[in-house]
Amino acid sequence: MPQTIKILLEKPITSASFLNAAAGHTTTTSPEVKQTQTQELHKTSLIQVCKALQDAANKINELQENLFKQHKEQIAKLSVEIARKILVQKVQQGDYQIETIVKNALENAPTHQDIVVHLNPEDLIQCQKLQKDDATGTLAGIKLIPDQNIGRAECTLETPKGIIESLIEQHLEQITKALKTAE
């Protein structure tokens, strides 16, 4: 049966020596050395945890990039379909500025002389009113004609050098191409 021995010391132990019987030498460990060793272990552990977190963050970023690349075309199509639905709703409600649409089309015209603008009959009324109210504005001197084949919020310009179309579907196609090629 083991016996317990109590030793009463006059002073606290400030260092200890351990005999390594296999190696045949003594190792001394003071509280300061032990604290430094503990701090080094904590520091090493913290460095390992930080490295593991950084590796995990890098893998998540890589996964996100791969998912975006894989679904880029579907994201582009979805975005354009959402835009199409919003545009259709805005056009049905008449919530657009036909003058702005015509101005944008005119900016692409090679010349501003002898231009004929084809408009949806509903938009024609608005443009004629704007043309009458501002005789020196953007629409001054431009011939406006009704065209049942032109949708609302769209126009076609006839110039001596060619035809310029401002059609919603063409704009959506341009957006689709831009989204597909964007990085």
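The values are calculated or read from the model by the stated rules, or taken from the named source; none is laboratory data. Please read all numbers here as calculations on a predicted model, not as lab measurements. Here the Cβ is made from the backbone with ideal geometry for all residues, glycine too, and neighbour counts use every protein chain on show.
Pairing residues of the stretch 56-76 that are among the aromatic types (F, W, Y) with residues that are in a helix (DSSP H, G or I), at Cβ distances under 9 Å and at least 6 apart in sequence or on separate chains, gives F68/I75. Filtering the stretch 131-154 to residues that are closer than 17 Å to I164 by Cβ and hydroxyl-bearing (S, T, Y) leaves only T138. Within the stretch 143-159, residues that are surrounded by 20 or more Cβ atoms within 10 Å (Cβ to Cβ) have Cβ atoms under 9 Å from residues that are of a type in the set (F, W, Y) and assigned to a loop (DSSP other than H, G, I, E, B) in these pairs: A153/Y96, counting only partners at least 6 apart in sequence or on another chain. Of all the residues in the stretch 116-144, those that are in contact with a strand residue (DSSP E or B) (Cβ under 6 Å, 6 or more places away or on another chain) and either part of a strand (DSSP E or B) or modelled with pLDDT of 95 or more (or both) number 8.
Would you confirm, using the coordinates I've provided, whether A76 is surrounded by 11 or more Cβ atoms within 10 Å (Cβ to Cβ) and within 15 Å of the chain's Cα centre (by Cα)? Full working, then the answer.
Details: surrounded by 11 or more Cβ atoms within 10 Å (Cβ to Cβ): yes; within 15 Å of the chain's Cα centre (by Cα): yes.
When the stated conditions are applied, A76 passes them.
If you filter the stretch 145-172 down to residues that are in a loop (DSSP other than H, G, I, E, B) and closer than 23 Å to T111 by Cβ, you find that the one that is farthest from the chain's Cα centre (by Cα) is P160.
Yes or no, residue by residue, for (1) free of Cβ contacts under 8 Å to residues at least 40 places away in the same chain; (2) closer than 25 Å to G162 by Cβ; (3) surrounded by 19 or more Cβ atoms within 10 Å (Cβ to Cβ):
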residue: I86; (1), (2), (3): yes, no, no
residue: Q93; (1), (2), (3): yes, no, no
residue: E99; (1), (2), (3): no, yes, no
residue: V102; (1), (2), (3): no, yes, yes
residue: E107; (1), (2), (3): yes, yes, no
residue: V116; (1), (2), (3): no, yes, no
residue: D123; (1), (2), (3): yes, yes, yes
residue: Q126; (1), (2), (3): yes, no, no
residue: K129; (1), (2), (3): yes, no, no
